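For reference, the structure is listed below as structure tokens.
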Amino acid sequence: MDVAPGDVVLCEFYFSDLQTRKRRPVIVFKDNLPFDDFVGIPVSSQTAKRHDDEFILEPSDLATGMLPKRSKIMVRKTFVIARQVIVKKYGQLSAARFQQLLDPKNDYVFKRLFAEAPDLLVALINDARQDEA
């Protein structure tokens, strides 16, 4: 399935026993990794408890499609995901909402994701600038 940054997709993740699995929503953060992978930010509908790095995601934050319920974006759990585990696409975040995740003032996102890989940050910024042109 083709995905783009800002897409909200449902992924099926297997546990280590390879028998048990769960489906979880994920925001596509960066989609052009090698080996048909993408960087994804997990989403959870369990919004009662939130950490400093978790942000509310309202169904109205999607420009297209529909999110089943109010959720939270869990930045600290960002990871690389194989595109093959995508089950379906919920929709895409509005450009404004996705830009909030990219905002350099959002220190936690940038420190967490790019502290150990500054070259990835440079590539992301360059990709975003090309999209604006």
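The values are calculated or read from the model by the stated rules, or taken from the named source; none is laboratory data. Nothing here was measured: the structure is a model prediction, and the numbers come from that model. Quick reminder, even Gly has a Cβ in these numbers, built from the backbone with ideal geometry, and neighbours come from all protein chains shown.
Would you tally the residues in the range 29-61 being β-branched (V, I, T) and assigned to a loop (DSSP other than H, G, I, E, B)? So the count comes out to 1.
Could you look through the range 44-72, keep only residues that are more than 22 Å from Q99 (Cβ to Cβ) and without any contact (Cβ under 8 Å) to a residue 12 or more places away in the chain, and pick out the one that is surrounded by the fewest Cβ atoms within 10 Å (Cβ to Cβ)? The extreme case among them is A48.
Say whether the condition of being part of a helix (DSSP H, G or I), touching a helix residue (DSSP H, G or I) at 6+ places or on another chain (Cβ under 8 Å) and modelled with pLDDT of 90 or more is met by at least one residue in the range 77-84. Within the range 77-84 (the criterion being part of a helix (DSSP H, G or I), touching a helix residue (DSSP H, G or I) at 6+ places or on another chain (Cβ under 8 Å) and modelled with pLDDT of 90 or more), the answer is yes, since at least one residue qualifies.
Taking the listed residues L120, L93, the one that is of a type outside the set (S, T, Y), touching a Leu at 6+ places or on another chain (Cβ under 8 Å) and modelled with pLDDT of 75 or more is L93, with no other qualifying.
Of the residues that make up the range 105-116, is at least one in contact with a Ser or Thr (Cβ under 8 Å, 6 or more places away or on another chain), modelled with pLDDT of 85 or more and of a type in the set (A, V, I, L, M)? No, the range 105-116 contains no residue that is in contact with a Ser or Thr (Cβ under 8 Å, 6 or more places away or on another chain), modelled with pLDDT of 85 or more and of a type in the set (A, V, I, L, M).
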